[in-house]
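**Student:** Before I ask anything, let me first share the structure, which is written out below as structure tokens.
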Amino acid sequence: MKKALVHDWYYVNGGAEKVIHSLNNVWDDFDHFALVDFLSETDRDYILKGESVNTSFIQSLPTAKSNHRKFLQLFPYAIEQFDLSSYDLVLSSSASISKGVLTNQNQLHICYCHSPMRYAWDLYHQYLRDSRFNRIKGIYAKRVLHKIRLWDVINSNRVDAFVANSNYIKGRIKKVYNREAHVIYPPVDVDMFRVEETKDNYYFTASRLVPYKKIELIVKAFNNLPEKKLVVAGDGPEYKNIKAMAKTNIELVGFLTEEELKSYLAKARAFVFAAEEDFGIIPVEAQASGTPVIGLGKGGLEETVIDKKTGVLFKQQNIESLIDAIGQFEKLELDPQDIRTNAERFSKKRFEKEILNFVTDSYDRFKNT
């Protein structure tokens with residue numbers, strides 16, 4: 001069986017790339033495709049086992065390395081230029097564009113869907129607000145995203161089987177594409193994390209500092225709680241704005257190494273998370289460290305955090321609701337070992353077994369029909 005693995009793009013080692021890493025653990029003979037590949041050699045060794053990636057013409061466009069997303073209007077054309085006709089199995093890892101590759105009736109195309117492209121669908125209006133386009137650019141962006149939505153629905157029919165990364169995303173796949181999906185939770189390397197029974201007196205959050213992650217909301221909440229310390233890890237376009245508004249009880253530590261992140265997660269009193277995520281790997285990593293999560297009770301966190309047992313979920317994405325959740329949390333006595341046990345449901349080993357079984361069974365059925 002000749003296999004192709006198509007990913008949207010490679011430029012950071014994020015949650016989707018952890019899925020790619022595990023897929024390469026299961027099968028070591030993929031040919032790799034993506035719109036662009038700007039990984040460091042260290043990240044490539046981890047994610048792709050050092051393998052090269054077949055990229056699109058966008059790789060060579062000026063400024064693509066610093067901001068490939070500004071070529072969004074070219075993405076559909078670019079992804080359709082990959083000639084995958086010689087492959088028996090095409091596996092796409094898609095939060096945006098990769099599921100749009102062209103296949104034929106003799107090929108099985110399975111899409112592991114992290115989400116239908118959020119900036120074109122459920123985050124469309126927020127994306128336009130956060131981008132602060134002038135009138136002309138705003139009109140152009142709306143037209144591009146309108147055409148992208150039409151193409152996105154059409155190309156969903158090119159997929160033979162959808163795998164969703166959560167029940168939340170299964171529902172979005174049904175809403176946007178009117179397709180059913182099988183749920184396999186992403187891999188979380190829980191064995192990398194160790195439980196710290198004795199916690200330090202600080203709350204912790206970590207994320208890329210972009211608007212939809214809602215770090216600003218968390219900082220504003222802790223600005224109203226001067227007796228409680230918050231540590232914020234991460235970098236991104238919102239860093240200066242967040243640093244300027246943070247009061248003295250809030251410490252910004254910037255980008256952390258893997259070991260530094262593990263240490264902060266393990267020793268934190270609680271991990272705070274205010275975004276509506278498709279799944280959310282880092283809240284599971286916090287729980288793998290025996291650290292409870294105070295998080296928004298929408299999206300993937302409803303499936304990974306057990307309210308009042310491994311953390312506290314709040315329903316409204318606002319300062320008052322978060323402050324109330326912190327107050328509720330401080331009245332609880334939660335067991336770090338119970339929190340760790342919950343995280344083990346999402347292990348890397350479990351993912352690799354489930355995806356192997358699903359793909360193998362799907363391919364067998366496909367060849368026998």
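Coordinate-derived values only; no laboratory data. Please read these numbers as outputs of a predicted model, since none were measured by experiment. Virtual Cβ from ideal backbone geometry, glycine too; neighbours counted across all protein chains shown.
**Student:** Could you give the distance between the Cα centres of segment 333-369 and segment 301-323, to the whole Å?
**Tutor:** 25 Å
**Student:** For LYS70 and PHE255, calculate 0.36 nm times their separation in residues minus their Cα-Cα distance, and state this gained length in nm to one decimal. Mind showing how you got there, number by number?
**Tutor:** Details: separation 185, 0.36 × 185 = 66.60 nm, distance 2.46 nm.
That works out to 64.1 nm of additional length.
**Student:** Looking at the chain as a GNM with Cα springs under 10 Å, which of ALA343, ALA64, ALA325 has the largest mean-square fluctuation?
**Tutor:** ALA64
**Student:** Once you put a point 7 Å from the Cα of ARG194 and another 7 Å from the Cα of GLN126, both along the Cβ direction, what distance in nm separates them?
**Tutor:** Simple spin-label model gives 3.7 nm for this pair.
**Student:** If packing is taken as the mean number of other Cβ atoms within 10 Å per residue, what is the order of 329-336, 52-59, highest first? Kindly include the intermediate steps, with their values, before the conclusion.
**Tutor:** Working: 329-336: 13.1, 52-59: 17.6.
Going by the mean number of other Cβ atoms within 10 Å, highest first, we get 52-59, 329-336.
**Student:** Tell me the label-point distance for the pair ASN368, GLU302, using the 7 Å Cα-to-Cβ offset, in nm and rounded to one decimal.
**Tutor:** So the label points at ASN368 and GLU302 sit 3.7 nm apart.
**Student:** Tell me the label only: which of (1) 154; (2) 136; (3) 215 is volume of the Cα convex hull per residue in Å³ as calculated from this structure?
**Tutor:** For volume of the Cα convex hull per residue in Å³, the calculated option is (2).
**Student:** Hey, fewest Cβ within 10 Å first, where do TRP151, TRP9, TRP27 land in order?
**Tutor:** The order, fewest Cβ neighbours first, is TRP27, TRP151, TRP9.
**Student:** Between ASN318 and HIS182, with labels modelled 7 Å along Cα→Cβ, what's the label distance in nm to one decimal, could you check?
**Tutor:** Here the modelled spin labels are 4.3 nm apart.
**Student:** Report the gain in length on full extension from ALA244 to PHE133: 0.36 nm times residue separation, minus Cα-Cα distance, nm rounded to one decimal.
**Tutor:** Net length gain for the segment: 37.6 nm.
**Student:** Running a GNM on the chain with Cα contacts under 10 Å, which residue among SER22, SER321, SER94 ends up with the highest mean-square fluctuation?
**Tutor:** Its mean-square fluctuation being the largest, the pick is SER321.
**Student:** What is the distance in Å between the Cα centres of segment 42-87 and segment 160-237?
**Tutor:** Cα centres, segment 42-87 to segment 160-237: 26 Å.
**Student:** Further question: Per 0.36 nm of contour for each residue apart, how much would the distance between VAL12 and SER86 grow if the chain were fully extended, relative to their Cα-Cα spacing?
**Tutor:** Result for the pair: 23.7 nm of gain on full extension.
**Student:** Round to the nearest 0.05 the FRET efficiency obtained for TYR77 and LEU332 when R0 = 45 Å and r is the Cβ-Cβ distance.
**Tutor:** Numbers: r = 53 Å, r/R0 = 1.18.
So, using R0 = 45 Å, E works out to roughly 0.25.
**Student:** As a footprinting exposure proxy, order LEU145, LEU301 by other Cβ within 10 Å, with the fewest listed first.
**Tutor:** On the way: LEU145 20, LEU301 25.
Going from sparsest to densest Cβ surroundings: LEU145, LEU301.
**Student:** What FRET efficiency comes out for the pair GLU352/ASN167, r = Cβ-Cβ distance, R0 = 22 Å, nearest 0.05?
**Tutor:** With a Förster radius of 22 Å, E is 0.60.
**Student:** At 24 Å minimum axial length over the Cα atoms and a Kyte-Doolittle cut of -1.0, report the qualifying DSSP H helices in the chain, or say none.
**Tutor:** Length and hydropathy pass: 135-155.
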